[in-house]
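A.B. asks: Got a structure here, written out as structure tokens. Questions coming.
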Amino acid sequence: MTADPLALNAELERATTRLLTTVEDLDLAPPSLCPGWTRGHVVTHLARNADAYINLLTWARTGVRTPAYASPAAREADIETGAGRPAEAQRADLAAAATRLATAIDALPPEAWSATVALPSGTEIPAARLVWSRLCEVELHHVDLAATYQPSDWPEAFSRRLLHDPATPRAATLTTPDGTTLLTVPDAPTVTGEIHALAAWLTGRSDGADLTGDRPNLEAWK
């Protein structure tokens with residue numbers, strides 16, 4: 001699933017602004033919704049993830065393989081170290097990293113968006129998908145901060161795209177309370193709910209208690 005990266009970039013900029021507003025006065029020491037991570041871990045991850053995407057954009061621009069992270073161990077070490085910094089340093093780091101990424105996106109030549117790069121998981125994707133991938137990081141982890149931002153705050157267009165993203169489990173046929181079918185999965189149960197609630201459940205940001213229908217165990221699709 002690839003969309004116009006420059007069209008999605010405007011949405012990424014708005015999502016980043018919302019994220020930075022949330023963390024502006026947020027205590028980063030309490031636990032986040034990510035097991036074993038504090039809010040500080042989430043904020044530091046988002047900063048380093050921005051730098052990782054800059055590396056991938058560099059790969060797309062130059063043709064020189066530039067991995068997102070030096071190694072999985074280095075990624076974990078950077079997050080762990082960064083999470084222990086004063087909150088103000090973490091906030092400034094996140095804002096600066098987001099600005100660097102925005103600059104890299106704006107500077108990428110049009111022809112470079114068709115280049116193939118590899119995510120940390122090893123999955124190869126066109127560079128044009130990177131903006132959507134980063135938008136997912138920002139929106140999902142914004143919820144993970146366990147602050148005021150909830151899946152119901154996601155823009156509807158983002159929630160709809162999540163439902164159709166290849167990385168989202170195809171676990172059920174999805175419908176809205178008014179009977180609109182959002183996604184059809186043959187031989188699967190039907191689950192009904194608001195669009196953001198369905199997206200939250202499928203991405204692990206909700207237990208699905210606000211949905212109706214025979215919800216399958218999503219572990220089988222991970």
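A.B. asks: Determine the gain in length on full extension of the stretch ASP210-GLN150; use 0.36 nm per residue of separation and subtract their C-alpha separation, reporting nm with one decimal.
C.D. replies: 20.2 nm
A.B. asks: Then there is this: Antiparallel DSSP bridges in the chain: what percent, to the nearest 5?
C.D. replies: Approximately 75 percent, going by the DSSP bridge assignments.
A.B. asks: Now for a separate question. Please work out the Cα center distance from region 141-178 to region 92-125, rounded to the nearest Å.
C.D. replies: Cα centres, region 141-178 to region 92-125: 23 Å.
A.B. asks: Order 50-60, 207-217, 144-154 from most to least packed using the mean count of other Cβ atoms within 10 Å.
C.D. replies: The densest-packed peptide leads the list: 50-60, 144-154, 207-217.
A.B. asks: Quickly rank 177-185, 84-92 as a protection proxy: mean count of other C-beta atoms within 10 Å, highest first.
C.D. replies: 84-92, 177-185
A.B. asks: Compute the Rg/Rh shape ratio of the chain: radius of gyration over Kirkwood radius, all on alpha-carbon atoms.
C.D. replies: Taking Rh as the inverse mean 1/r over Cα pairs, Rg/Rh reads 0.97.
A.B. asks: Starting from the amide H of LEU28, placed 1.01 Å from N in the peptide plane, find each other amide H under 5 Å away whose residue is 5 or more places distant or on another chain.
C.D. replies: The answer is none.
A.B. asks: Using the heavy atoms of the protein chains alone and a 1.4 angstrom probe, what is the accessible area of region 1-110 per residue in square angstrom?
C.D. replies: Spelled out: the 1.4 Å probe surface of region 1-110, per residue, equals 49 Å².
A.B. asks: Next question. Taking only C-alpha pairs under 8 Å that are 6+ residues apart, what is the relative contact order of region 104-144 in percent?
C.D. replies: Contact order relative to length: 26 percent.
A.B. asks: Right, next: Name the residue from THR62, ALA89, VAL23 whose Cα lies farthest towards the positive end of the charge dipole of region 1-108, charges +1 on Cβ of Lys and Arg and -1 on Cβ of Asp and Glu.
C.D. replies: Going by the Cα projections, it comes out as THR62.
A.B. asks: Averaged per residue, what accessible area in Å² does region 164-222 show with a 1.4 Å probe, protein chains only?
C.D. replies: Computed with neighbouring chains in place, this is 53 Å² per residue.
A.B. asks: Using alpha-carbon pairs under 8 Å, 6+ residues apart, how would you state the relative contact order of the chain in percent?
C.D. replies: 20 percent
A.B. asks: Continuing with the same structure: Run the numbers on region 169-222 and let me know its relative contact order in percent, using alpha-carbon pairs under 8 Å that are six or more apart.
C.D. replies: About 35 percent, as a whole number.
A.B. asks: If each DSSP helix of 4+ residues adds -39,500 (n - 2.57) and the sum is divided by the residues in the chain, what number results at 222 nm, nearest 500 deg cm²/dmol?
C.D. replies: My calculation for the chain gives -16000 deg cm²/dmol from helical runs alone.
The values are calculated or read from the model by the stated rules, or taken from the named source; none is laboratory data. Quick caveat, the model's predicted, so the values are computed rather than measured. Cβ atoms come from the backbone with ideal geometry, glycine included; neighbour counts cover every protein chain shown. Note: areas computed on protein heavy atoms with side chains; ligands, DNA, RNA excluded. Shrake-Rupley method; radii C 1.70, N 1.55, O 1.52, S 1.80 Å.
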